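To start, the structure under review is shown below, and the notes come after it.
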């Protein structure tokens with residue numbers, strides 16, 4: 001497995017990361033760059049699962065704030081993640097990486113249904129598995145999906161790839177030039193200080209299952225590989 005620190009990882013990508021500077025839709029050059037970084041990691045014999053958000057197409061929370069039924073808005077967001085997942089699958093397969101998309105909402109003509117044991121078998125066969133459609137339930141974010149799937153497939157770490165920040169700060173670094181970046185944190189720190197790393201449900205799930213989280217920028221090429229190799233990058237969140 002080379003010198004990789006982690007054998008099985010869950011990569012969490014925000015939908016916004018796929019949009020690039022446009023802020024909406026899928027940027028072909030961005031998704032190709034991410035696929036190339038995933039390929040780098042897969043070629044180290046690291047087992048890679050991916051959870052993609054859908055915020056570049058639709059955000060359930062925004063729909064809810066507009067007066068839409070929350071469950072309906074969230075289901076629309078789940079479908080957006082499927083579109084992103086299929087786009088990422090296509091980019092990976094163009095690079096020669098065998099990939100499977102598994103959806104929490106059954107749509108057999110498009111992808112496999114999520115089955116835990118099948119997902120693990122795909123990973124063991126060095127296929128990249130992309131988990132789409134969130135948890136299949138409204139009121140849960142794709143951050144929670146990443147935490148849940150990481151626990152289910154017994155991943156060593158969650159790699160949270162961000163498009164606008166390179167770690168966790170005590171304030172929004174875009175708005176506050178004096179914001180301080182953390183190198184290490186505990187999940188209790190995240191919950192107590194209300195840091196916007198991931199939602200509280202996801203943080204609690206990671207804490208309860210002792211799954212470390214690395215938050216870093218995906219915009220710098222090679223960062224996914226650096227995280228997998230155990231280099232000091234971004235912010236690492238651990239245990240209690």
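Exposure proxy for 74, 208: other Cβ atoms within 10 Å of each Cβ, ordered fewest to most, give 208, 74. Under the criterion of Cα pairs below 8 Å and six or more residues apart, the relative contact order for the chain equals 22 percent.
Taken as Cα centroids, segment 149-225 and segment 58-125 sit 22 Å apart, rounded to the nearest whole angstrom. In plain terms, the residue of 95, 185 with the fewest other Cβ atoms within 10 Å comes first and the most crowded comes last, giving 95, 185. Its residue count N fixes a reference of 2.2 N^0.38 Å for segment 108-240, and the Cα radius of gyration divided by that reference is 1.11. Taking every DSSP bridge with both residues inside the chain, close to 15 percent are antiparallel. With neighbours defined as other Cβ atoms within 10 Å of a residue's Cβ, the residues 182, 139, 6, 187 order from fewest to most as 139, 182, 6, 187. Only Cα pairs under 8 Å and 6+ residues apart enter the sum, and on that basis the relative contact order of segment 117-240 stands at 29 percent. With the convex hull drawn around the C-alpha atoms of segment 38-87, the volume per residue stands at 74 Å³.
Rounded to two decimals, the Cα-based Rg/Rh of segment 8-238, with Kirkwood Rh, is 0.94.
Every number in this text was worked out from the coordinates using simple rules, so none of it is lab data. This is a predicted model, so every value here is computed, not measured. Please note: Cβ atoms are built from the backbone with ideal geometry, for glycine as well, and neighbour counts cover all protein chains shown.
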